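What follows is a set of notes on a single structure, which appears directly below.
Here, each number is a calculation from the coordinates, and none is a lab measurement. Predicted model, so just to flag it, every value in this text is computed and none were measured. Because the Cβ atoms are built from the backbone with ideal geometry, glycine has one as well, and the counts that use them run over all protein chains shown.
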Amino acid sequence: DAGITQSPRYKITETGRQVTLMCHQTWSHSYMFWYRQDLGHGLRLIYYSAAADITDKGEVPDGYVVSRSKTENFPLTLESATRSQTSVYFCASSVTGSTDTQYFGPGTRLTVL
Amino acid sequence: GENVEQHPSTLSVQEGDSAVIKCTYSDSASNYFPWYKQELGKRPQLIIDIRSNVGEKKDQRIAVTLNKTAKHFSLHITETQPEDSAVYFCAAKEGGSYIPTFGRGTSLIVHP
């Protein structure tokens, strides 16, 4: 579990500001994911990546941007934060995609005022 | 795409009782079914998983059963303890996909 970290752990920002959430894993896992968790909605996939420079949209990608220039990093950017983006964000990784476990980071609690 | 339904949304039991959480899935091509436990304020962590070529798997007090024909799978926790209190998520993944579909979670409360 210590192999996947997120920063910051808590963030308060204002509507309209750009915010970047960082995710770093030390396992060299190929696959990485970003989820948001809201009460009553479980885990919803925002973006995912199969390898460096390969990213794709998930269920709720609007308002978010990702990049993956290095295998170990997968930052998530909110270009212009809105109150509806207040949530807990989890990054996850897995070795391969087929039947491998996802390992989750500790999460970032984001509040947009 | 895959759709996973999870029930109940909340489950309250007395310490020592058994707890059962059920999930159904829609895609018959799904072949991997993990269960995650998320304690309050913590990250989801895998507690047990099952693949489609197996009908049941046990690990101490927890077990998972899979009925491929009916497309449902269940988590069974025996002799529940207060530390079992958490939110449990089921998920299903199709063989050709690397994205699991999660259920909405079950909040399990174990009363001492």
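Amide H to amide H, with H built 1.01 Å from N, B:Glu15 comes under 5 Å of B:His111, counting only residues 5 or more places away or on other chains.
When a/c reaches 1.5 or more, the comparison of a/b and b/c decides; with that in mind, is chain B rounded, prolate or oblate per its Cα gyration tensor? Prolate, since a/c reaches 1.5 and a/b exceeds b/c. Projected over every direction and averaged, the convex hull enclosing the alpha-carbon atoms of chain A yields 6.4 nm².
According to the Kirkwood relation over distinct C-alpha pairs, the hydrodynamic radius of the protein assembly as shown is 18.0 Å. Distance between the 7 Å Cα→Cβ label points at B:Asn53 and A:Thr26: 3.5 nm.
Under the criterion of Cα pairs below 8 Å and six or more residues apart, the relative contact order for chain A equals 36 percent. Candidates A:Ser69, A:Met32, A:Leu43 compared by Cα position along the dipole of region A:24-113: farthest toward the positive end lies A:Leu43, with charges placed on Cβ. The loop-placed GluC sites (Glu not before Pro) in region B:77-109, going by DSSP, that have at most 12 neighbouring Cβ atoms within 10 Å of their Cβ come out as B:Glu79.
Our summary gives chain B a relative contact order of 37 percent, counting only alpha carbon pairs under 8 angstrom and 6 or more residues apart. Pairs over the 19 Å Cα-Cα cut-off, from the set B:Lys22/B:Lys58; A:Lys57/B:Lys37; B:Lys37/B:Lys58: A:Lys57/B:Lys37.
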